1. Just to check your reading of the model, which residue among A:229, A:305 is buried (at least 18 other Cβ atoms within 10 Å of the Cβ), more than 14 Å from chain B (Cβ to nearest Cβ) and under 14 Å from the mean Cα position of the chain (by Cα)?
2. Which residue, of B:78, B:117, B:89, is touching a strand residue (DSSP E or B) at 6+ places or on another chain (Cβ under 8 Å), closer than 30 Å to residue B:313 by Cα and of a type in the set (Lys, Arg)?
3. List the strands (runs of 3 or more DSSP E) inside segment A:236-302, counting only whole elements, that have at least 1 residues being among the basic types (Lys, Arg) and at the interface with chain B (Cβ under 9 Å from one of its Cβ atoms).
4. Checking the condition in a strand (DSSP E or B), modelled with pLDDT under 90 and either closer than 23 Å to residue B:340 by Cα or of a type outside the set (S, T, N, Q) (or both), which residue from B:395, B:420, B:407, B:449 passes?
5. Do we find that residue B:273 is crowded, with 17+ Cβ neighbours inside 10 Å and in a strand (DSSP E or B) in this structure?
6. Run down A:205, A:197, A:178 and say which single residue is crowded, with 20+ Cβ neighbours inside 10 Å, more than 12 Å from chain B (Cβ to nearest Cβ) and on the phi > 0 side of the Ramachandran plot.
7. Collect the residues in segment B:231-270 that are over 23 Å from the mean Cα position of the chain (by Cα) and outside any strand (DSSP E or B), keeping them in residue-number order.
8. Going through B:186, B:158 one at a time, which residue ends up being of a type outside the set (Lys, Arg), surrounded by fewer than 22 Cβ atoms within 10 Å (Cβ to Cβ) and touching a Ser or Thr at 6+ places or on another chain (Cβ under 6 Å)?
Amino acid sequence: MASNLSSAATERTDSSSSRAPDDDLLDAAFLDRLRALFVQLRRRRRQRKQGAQQAPAAGHTREFKDHRHYSRGDDWRAIDWRLYARLDKLFIRVFEEIQELHVHVLLDRSASMIEPYPAKRRDALRLTVGLGFLALANNHRLSFHTLGDGCQRELPPLKGQGHVQALVERCRAISFAGNGDLDQALARFRAGADRRGVAFVITDGLGSDPARTSDALRRLAAWPGETHVVRIADPAEAEPAPVGELLLEAVEGGERRRIWLTATEQQLYRDRYRAWTDDVERACVASSMICSTWSTAVPFDTQFVEMLSRGDALAGGR
Amino acid sequence: MLRFLDPMGWWWAVALAAAIVLYLIRPRPRRLRVATLAFYLAPLGAVSDTPWLQRLKRLLSFVLTAMLLLATAAALAKPVLAPVVDGLKTAVILVDRSASMGAVDGGRTRLAQAIDKARIQLDALPPGAAVAVIAYDRRTDIVVPRTTDRRAALRALEALTPRPIASEDSRRSAALALAARLAAIEAPGAVWECTDRAAPDDIPSGVAYVRLAVGEASNGVNAGSNVRVNVGIAACDARPLPMDTVHQELYLAVVASGACTATADISVDGQAIALRTIAFTADHLEERVVLPIEPGPTGGVVTVQVTTPGDVLACDDRADLVLPPPRPLKVALIGPAPDAFLQLALAGFSADQIVVQAVKPEAWKPDLPADVLLFAGWLPPVWPLGRPVVMCDSPQSLAPLSVTLLPEGVGVDSPRTADPGHPVLYGVASPRVTLWQQAVLGADSGLAPLWSSAVGPLLMAGDVHGARAVVMSLAPGKSERLALLASWPLLIGNSLLWAGQPARESAAGRRCRTGDVVAVRGNELRWADGSVASVRGGWAELDRVGRWTTDGGDSGSAAVFSADVSGLKMDLRGAADHATAGNSSSSWLSSSSWLFSSSWLLSSSWLSGDLVPGLVGLAAALLLLEAWLCHRRGIH
């Protein structure tokens with residue numbers, strides 16, 4: 001399995017013709033900023049709630065939490081016989097359970113993520129590394145998948161801060177090309193035996209048929225854990241091309257169209273785009289998913305903290 | 001041959017070079033890579049033109065634009081398709097201006113269409129070639145003598161108008177012969193005839209003949225609901241009834257060119273007296289109407305007007321008859337001892353109709369004051385020139401009449417009737433007559449037999465020396481069944497009235513066909529519409545329809561009266577549209593014989609003539625096609 005992953009990664013690395021220079025993408029300064037963000041998030045979390053990721057349910061670890069009266073149906077093995085001997089009343093011991101999260105990062109690697117706006121790739125990769133760093137630093141398990149015309153596991157599940165470098169190297173090797181089929185890719189997404197955790201879907205939602213994006217995202221409604229949909233958007237996408245004769249070429253599929261764009265059609269474009277974004281957000285809300293729009297024009301730190309504050313599984317916000 | 005009246009117009013084809021340059025340096029659209037086309041295509045509708053189709057459309061657009069420019073330049077060069085006339089030195093344009101050329105086809109008269117064709121022919125003439133214009137109907141006029149001034153010929157052509165005169169083949173042959181003589185003055189020459197008639201059988205020799213045909217659209221077409229037809233008056237006359245001094249009998253013949261319904265409105269002095277609706281079918285295109293009219297004591301004017309929807313020719317729709325005031329016919333009965341039965345028949349006539357004056361042969365003189373001379377058993381030494389004559393029981397021959405006496409006579413039962421419709425036999429029951437023939441009649445010319453027996457004619461009628469004559473050789477007294485029948489006084493009365501009719505109408509109410517040249521008194525002839533024509537040498541040509549009077553006191557009326565014109569029966573035989581005549585060794589004829597072997601080029605209206613409208617239409621069609629194919633949507 002590991003060899004297959006390695007060979008697949010090597011193949012994509014060799015054929016990554018559309019890969020942008022990564023010198024300033026995941027450099028040491030960015031990783032330092034991630035550490036600072038991690039400290040900032042932990043500080044904020046402590047200000048709001050003590051303890052790290054306590055689950056409300058009683059577990060079976062050796063960390064004693066409390067006593068409570070015995071009631072019918074409780075496990076009699078948890079009865080504190082010492083207290084019974086002293087108080088002549090049945091109490092059971094309650095232990096604290098520390099839950100281990102499984103963070104799944106699903107990154108769209110279709111061509112529309114790098115063309116015509118390379119900033120989308122940059123922010124998507126930084127977001128991937130940021131989420132991975134956060135998960136590994138919190139001692140969570142991390143799974144990294146890429147979405148193209150299918151769902152490809154890029155790395156085996158990772159745990160521990162020592163795997164951050166491997167994640168960074170893997171992100172650098174990813175090639176953004178080809179036609180994306182979000183619906184097909186999410187249909188093939190298998191979380192494995194442990195279905196608990198958080199899933200982050202990082203995509204622009206565009207491609208040959210953006211109208212299917214909402215239907216594709218609805219496939220994640222069955223995911224039991226917290227689901228974040230991060231729509232990477234460049235502000236220029238919301239605006240149509242200037243008025244005049246254009247030869248448009250779709251980066252996915254290479255379809256070409258020659259049009260004469262007028263002001264009326266520009267307005268139609270804006271309306272259409274706005275309707276599409278609204279439709280995507282409605283689909284997420286209807287499926288109990290957290291939808292965030294990640295603009296490449298906004299600083300990374302601001303959006304990263306804001307995005308994590310909207311969920312409570314990873315950053316423990318609220 | 002294709003010629004360009006304004007070859008400088010081809011300079012506009014330079015715009016084609018500009019189009020080519022613009023095509024080569026055309027601004028390319030800005031290339032733009034986008035994440036998705038959906039937001040662009042959705043507002044415009046889905047199209048799926050592939051790149052090769054885009055290239056094909058661009059190339060097609062350029063080709064159509066180039067064709068549009070070429071068509072426009074060609075239209076500005078004013079192309080005309082005209083016959084090859086290189087080497088021609090004389091062209092005579094022979095224009096048929098008869099009544100049928102006034103028929104309206106497609107909003108224009110046939111003459112106007114013919115002039116257009118002639119103009120195209122003229123444009124194709126080589127420089128220096130002489131032109132002459134001849135127009136004919138019943139009269140042939142040299143409108144423009146032989147000249148090299150094309151503009152004068154064109155002006156004369158455009159000034160021609162159809163005249164309401166029915167042409168005749170003999171007149172056409174004469175005009176064609178005259179045109180051939182003019183064309184032969186400087187060989188090679190050609191005669192271009194603008195007509196709606198078929199090519200003539202007698203094509204003059206020595207020149208080329210080309211017929212510029214018009215009127216194919218309506219000639220011989222059986223009328224449908226929306227096909228134009230023509231209805232016209234082919235004949236109209238009025239005459240006194242034999243035994244009636246008040247009424248006259250109006251005879252009217254109406255001819256149609258196709259199935260239709262026409263209305264004949266008959267009025268006397270403006271007061272309608274009859275309205276007849278006549279239904280024509282494909283098998284019944286002629287209708288005759290006979291009805292009594294009452295002109296009044298002072299005469300009157302009978303007006304007949306026929307109307308039908310879609311009538312293409314107006315000049316034959318009206319006829320006016322000037323009825324003279326009734327007066328008795330003066331008859332001089334000349335003979336030694338007229339037959340008693342003849343006197344009995346004459347006595348039966350009313351004094352209002354016929355007044356008989358007996359004259360002894362000794363008192364005979366050629367200028368006897370009578371409308372009709374009735375000779376009974378006696379003949380003058382010479383035929384009375386210009387006097388209507390009725391001869392009964394002629395004793396000897398008198399040129400041109402020859403009489404062969406039968407000493408014993410011959411009984412004739414039911415004489416053979418050569419022309420039962422002749423006015424002399426009106427009301428006469430020929431099959432019931434049994435008579436006694438006394439001589440066999442004959443004539444060199446003018447007289448035609450009406451009754452004949454086994455031995456020869458016994459009743460003849462016709463024109464002799466410019467007057468009507470009726471000759472009979474029968475003895476009513478010996479006849480077994482004639483004298484006491486009504487047929488005998490009818491025969492005598494008809495003969496007198498028919499013979500005397502021109503005399504009675506000579507002073508007033510002459511009924512003529514248009515184109516007749518009549519002898520009138522006075523210096524001016526005034527038409528009912530107010531126009532005035534001069535009388536030259538006592539003769540005047542009646543060149544329009546209507547009533548006329550002269551300052552000398554004569555009056556009459558004229559109408560077309562032609563069944564061929566009203567029925568549009570100018571039979572166009574396509575095979576005879578053209579002909580070449582004369583010596584086939586004529587060099588220019590042999591060099592251009594292909595033209596005459598493809599005469600459809602001339603007779604086909606869409607392949608000959610001015611090509612500018614067609615090119616303008618082609619340019620417009622190309623423009624629309626290019627716009628529809630390449631620019632109807634923003635996406636190519």
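The values are calculated or read from the model by the stated rules, or taken from the named source; none is laboratory data. These numbers were taken from a predicted model, which means no experiment stands behind them. Every residue, glycine as well, gets a Cβ built from its backbone with ideal geometry; the counts of neighbours run over all protein chains shown.
1. Working: A:305 fails: buried (at least 18 other Cβ atoms within 10 Å of the Cβ).
Selected residue: A:229, the only one of A:229, A:305 that is buried (at least 18 other Cβ atoms within 10 Å of the Cβ), more than 14 Å from chain B (Cβ to nearest Cβ) and under 14 Å from the mean Cα position of the chain (by Cα).
2. Numbers: B:78 fails: closer than 30 Å to residue B:313 by Cα; B:89 fails: closer than 30 Å to residue B:313 by Cα.
Step by step, each of B:78, B:117, B:89 is checked, and only B:117 is touching a strand residue (DSSP E or B) at 6+ places or on another chain (Cβ under 8 Å), closer than 30 Å to residue B:313 by Cα and of a type in the set (Lys, Arg).
3. Numbers: elements: A:244-250, A:256-261, A:290-295.
Qualifying strands (runs of 3 or more DSSP E): A:256-261.
4. Values: B:395 fails: in a strand (DSSP E or B); B:420 fails: in a strand (DSSP E or B); B:449 fails: modelled with pLDDT under 90.
Exactly one residue qualifies, and that residue is B:407.
5. Details: crowded, with 17+ Cβ neighbours inside 10 Å: no; in a strand (DSSP E or B): yes.
So residue B:273 does not fit the description; no.
6. Working: A:205 fails: more than 12 Å from chain B (Cβ to nearest Cβ); A:178 fails: crowded, with 20+ Cβ neighbours inside 10 Å.
Only one candidate qualifies: A:197.
7. Selection gives B:241, B:242, B:243, B:244, B:245, B:246, B:247, B:269, B:270.
8. Numbers: B:158 fails: touching a Ser or Thr at 6+ places or on another chain (Cβ under 6 Å).
Unique residue meeting the criteria: B:186.
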